[in-house]
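J.: Next up is a structure, given as structure tokens.
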Amino acid sequence: MEAEFNKQEASAPFEQEALERLSAGRDTLLHEVGRVIIGQEKVIEELMIVLFSGNHALITGAPGLAKTLLIRTLAQILDLDFKRIQFTPDLMPSDITGTEIIDEDTQGHRAMRFIPGPVFTNILLADEINRTPPKTQAALLEAMEERQVTVAGELRPLDKPFYVLATQNPIELEGTYPLPEAQLDRFMFNIHIDYLDEDEELAVVGQTTSNESVVPEKAFTAQEMTDFAKLVRMVPIAESVARYAVRLCQQSRPDRNQSPDFIKKWVSWGAGTRASQNLVLGAKTRALLQGRYHVSIADIQAVAYPVLRHRILTNFRAEADHVSVENIIKQLLESVQQEASGL
């Protein structure tokens with residue numbers, strides 16, 4: 001039998017009750033989301049993978065595609081506290097993390113009191129995150145990585161679970177500040193949301209221009225979401241499958257001799273180690289959500305686009321040749337797949 005990667009994890013017993021709860025809750029979640037959001041099945045699946053693995057996502061799409069509604073609906077179904085920040089050029093880091101003020105009681109005694117910012121929540125919607133300067137964007141770095149913020153020299157832990165779901169508009173570039181690569185890397189997935197087809201858009205128009213109001217039912221609790229994130233990490237993965245994920249990232253780097261010629265031609269910077277970790281974690285979550293207790297190469301391939309599209313940086317030659325990151329990922333998957341049998 002093929003050896004499993006990280007035997008200590010693989011040998012840990014699955015909690016059958018939790019698995020059954022996850023399966024039942026997943027069906028409820030999809031049903032309730034479908035009552036509010038029409039279409040976008042792939043986007044919903046990718047968001048579920050991010051949330052059940054306990055990570056963050058960047059959602060890229062044009063205005064009016066129900067990005068905010070989708071995130072708010074998921075927060076309601078998961079019974080999680082939800083807060084939204086509209087990022088603007090004049091937003092300050094303290095507007096996100098919170099600030100200390102001088103408080104005076106009736107006897108005239110003064111003391112410092114901390115006013116928590118909107119980051120103290122379960123799901124934080126960072127709307128149009130690329131519309132604020134890097135100094136303010138950086139206020140989320142510690143929160144996303146450490147699940148805590150430092151204000152006035154004091155560490156303040158965030159609520160559990162904690163997710164940052166950020167949106168950005170790929171069309172308007174005037175007055176925007178592209179996210180630094182270090183912050184982009186903190187997002188597990190970069191999820192692309194596209195226009196609906198004609199029948200789906202017709203259904204949306206009919207639903208949103210009537211008096212019909214849908215209130216989704218709750219499917220999970222905050223504690224269950226925290227438990228599921230731990231359960232995901234218990235899913236076994238064969239060493240050959242994990243090696244395939246690592247090889248995808250390794251060969252996306254143009255400075256490596258083993259990288260394909262098209263990578264050296266069109267890529268200026270490839271995916272780092274965090275990409276390999278997120279490929280494996282995303283594949284584990286996908287397998288578990290589909291009722292499987294093992295990970296396949298198909299799971300790695302299914303999450304490759306959202307994991308890699310914001311981590312592979314193209315050069316000027318790629319732009320001149322009209323080659324997109326999506327094209328490069330597609331060729332990378334085809335190239336590494338040819339070697340998969342030899343792993």
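J.: So for the chain, taking the charge dipole from beta-carbon charges (+1 Lys/Arg, -1 Asp/Glu), which of Val151, Thr106, Phe82 sits furthest toward the positive end?
T.: Sorting the options by dipole projection puts first Val151.
J.: Would you indicate which of [x] 156; [y] 185; [z] 194 is the value of volume of the Cα convex hull per residue in Å³ derived from the coordinates of this structure?
T.: Step by step, volume of the Cα convex hull per residue in Å³ for this structure corresponds to label [y].
J.: Let me ask you something else. Would you work out which of Ser335, Ala320, Thr273 lies farthest towards the positive end of the dipole of the stretch 235-338, given +1 charges on the beta-carbon of Lys and Arg and -1 on that of Asp and Glu, about the Cα centre?
T.: The one lying farthest along the dipole's positive direction is Thr273.
J.: Could you derive backbone 3J(HN,Hα) for the stretch 153-162 from the dihedral phi with the Karplus parameters 6.51, -1.76 and 1.60 (θ = phi - 60°), listing whole Hz in sequence and x where the residue is Gly or Pro?
T.: After applying 6.51 cos²θ - 1.76 cosθ + 1.60, I find x, 10, 7, 10, x, 8, 5, 10, x, 9 Hz.
J.: Which Cα, out of Gly206, Pro63, Ala182, lies furthest along the positive dipole direction of the chain (beta carbon charges, K/R +1, D/E -1)?
T.: The listed residue farthest towards the positive side: Ala182.
J.: Ok, one more. If the cut-off is a Cα-Cα distance under 27 Å, which lysines reach Lys264, setting aside same-chain residues fewer than 8 apart in sequence?
T.: Lys330
J.: Calculate the FRET efficiency for Lys218 and Asn315 from the Cβ-Cβ distance with a Förster distance of 51 Å, rounded to the nearest 0.05. Can you show the working numbers first?
T.: Numbers: r = 47 Å, r/R0 = 0.93.
Given R0 = 51 Å and the Cβ-Cβ separation, E is 0.60.
J.: Under a Cβ-Cβ cut-off of 11 Å, what is the net charge of the residues other than Asp159 that fall near it, where Lys and Arg count +1 and Asp and Glu count -1?
T.: Values: positive: Lys83, Arg147, Arg156, Lys160; negative: Asp81.
My count for the surroundings of Asp159 gives +3.
J.: Still on this model: For Gln251, list long-range residues whose amide hydrogen, built 1.01 Å from N in the peptide plane, is under 5 Å from its own amide hydrogen.
T.: none
J.: For the stretch 235-338, go through all pairs of different Cα atoms, get the mean of 1/r, take its inverse, and jot down that Kirkwood value in Å.
T.: 13.8
J.: Around Ala111, under 12 Å between beta carbons, what's the net of Lys plus Arg minus Asp minus Glu among the other residues?
T.: -2
J.: Would you mind checking which residues have amide H under 5 Å from Ile237's amide H? H placed 1.01 Å from N; only 5 or more apart, or other chain.
T.: Phe5
J.: While we're here: Under unit Cβ charges (Lys, Arg +1; Asp, Glu -1), what dipole magnitude, rounded to 20 debye, does the chain have relative to its Cα centre?
T.: In debye, rounded to 20, the chain gives about 980.
J.: Say a site is exposed when it is one of the GluC sites (Glu not before Pro), sits in a DSSP loop, and has at most 11 other Cβ atoms within 10 Å; what is then the longest site-free stretch of the chain?
T.: Here the longest run is 3-173.
J.: Could you list, in their original order, any pairs among Lys83/Lys284; Lys67/Lys160; Lys160/Lys230; Lys67/Lys284 whose Cα atoms are separated by more than 20 Å?
T.: Check vs 20 Å cut-off fails for Lys83/Lys284; Lys67/Lys160; Lys67/Lys284.
J.: To the nearest µm²/s, what D does Stokes-Einstein give for the stretch 177-251 at 37 °C and 0.692 mPa s, using the Kirkwood radius over alpha carbon pairs as Rh?
T.: My calculation gives 182 µm²/s for D.
J.: Now for a different question. Given the DSSP H assignment, sum -39500 (n - 2.57) over each helix run of at least 4 residues in the chain and divide by its residue total; what's the result at 222 nm in deg cm²/dmol, nearest 500?
T.: Only helices count here, giving -13000 deg cm²/dmol.
J.: Going by Cα centres, the stretch 57-95 and the stretch 252-317 are how many Å apart?
T.: 26
J.: While we're here: Between the DSSP loop rule and a limit of at most 14 other Cβ atoms within 10 Å, which trypsin sites (Lys or Arg not before Pro) in the stretch 268-343 are left?
T.: The qualifying sites are Arg292.
J.: How high is the relative contact order of the chain, in percent, with contacts defined as C-alpha pairs under 8 Å that are six or more residues apart? Before the final figure, lay out the partial values.
T.: Details: 557 pairs, mean separation 77.5, N = 343.
Relative CO of the chain lands at 23 percent.
J.: Still on this structure, please answer the following. When a footprinting reagent is the concern and you count Cβ atoms within 10 Å, what order do Arg256, Arg110 take, fewest first?
T.: With the sparsest Cβ surroundings first, the list reads Arg110, Arg256.
J.: Let me ask something else. How large is ³J(HN,Hα), in whole Hz, for each residue of the stretch 269-281 in order, when computed from phi with the Karplus curve 6.51 cos²θ - 1.76 cosθ + 1.60 and θ = phi - 60°, using x for Gly and Pro?
T.: 8, x, 6, x, 5, 4, 5, 4, 4, 6, 4, 5, 5
Each value in this text was obtained by applying a stated rule to the coordinates, not by laboratory testing. The shown structure was predicted, so the numbers you read here are calculated from the model rather than taken from an experiment. A quick note on method: Cβ atoms are made from the backbone with ideal geometry, for glycine too, and the neighbour counts reach across all protein chains shown.
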